[in-house]
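Worksheet for the structure shown next.
No lab work stands behind these numbers, since they all come straight from the coordinates. Here the structure is a predicted model, which means the values were calculated and not measured. Positions of Cβ are generated from backbone atoms using ideal geometry, with glycine treated the same way; all protein chains shown enter the neighbour counts.
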Amino acid sequence: MKKYLPIFVTLGVIFLVLIVLTYRKPPKKDILDGSIWRVEMLDSAPVLEFSTLTLRFHNHKISSSSECNRFKGRYEITGDGILIEILDRTDEKCMEPGIIQQDGVFIAHLEKAARFSFSSNDLKLYSTDGQEIVDLLLMSD
């Protein structure tokens with residue numbers, strides 16, 4: 001029995017490590033990592049009544065969807081600065097008037113974002129001149 005004890009101890013340690021790794025949440029890479037937001041305002045004006053714009057931050061990547069289109073890109077945060085680059089987007093035509101234009105404004109504003117402010121459920125993006133360009137509400141983190 002004593003000759004099998006090291007094997008049982010080793011297997012027990014491996015089992016415990018696997019349990020810890022399975023249930024451990026990986027650390028967030030930045031303050032926005034893993035969060036999903038709904039756009040409330042663009043240029044201090046509410047989004048169209050019949051539309052929803054969302055923005056997800058994960059692992060220095062962003063993804064977004066509207067009623068008709070989706071896009072993805074990447075982001076970098078340094079202090080309260082943010083740099084967003086759109087890499088890919090769909091270009092579907094929408095039946096509802098104004099959706100395509102709103103999507104275009106949203107994407108342009110994301111690419112103009114230079115700074116952000118963040119609270120428990122509110123995210124604001126600002127241009128280089130300090131103008132608030134996008135206001136978002138937390139959906140999930």
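With springs only between Cα atoms under 10 Å apart, run a GNM on the chain and tell me which of Ile19, Ile77, Ile100 wobbles the most. For the chain, modelled as a Gaussian network with Cα springs under 10 Å, the answer is Ile19. When the Gaussian network model of the chain links Cα atoms closer than 10 Å, the mean-square fluctuations of Leu18, Leu87, Leu55 top out at Leu18. Of the residues Val17, Gly98, His60, the one whose Cα sits farthest towards the positive end of the charge dipole of the chain is Val17 (charges of +1 on Lys and Arg Cβ, -1 on Asp and Glu Cβ, taken about the Cα centre). Number of Lys-Lys pairs in region 28-140 with C-alpha atoms under 15 Å apart and a separation of 8 or more places or on different chains: 4. Between Asn59 and Asp129, the simple spin-label model (points 7 angstrom out along Cα→Cβ) gives 3.9 nm.
Would you mind checking the tilt of helix 99-112 against the longest principal axis of the Cα atoms of the chain, expressed as 0 to 90 degrees and rounded to 10? That helix lies at roughly 70 degrees to the long axis.
Its alpha carbons considered, region 1-84 gives a radius of gyration followed by a Dmax of 22.6, 75 Å. Exposure proxy for Lys61, Lys93: other Cβ atoms within 10 Å of each Cβ, ordered fewest to most, give Lys93, Lys61.
To the nearest ten degrees, helix 5-23 and the longest principal axis of the Cα atoms of the chain are 10 degrees apart. A cut-off of 5 Å between modelled amide H atoms, ignoring neighbours fewer than 5 places along the same chain, links Ser35 with Phe57. Projected onto their three principal axes, the Cα atoms of region 38-141 cover extents of 41, 28, 26 Å, largest first.
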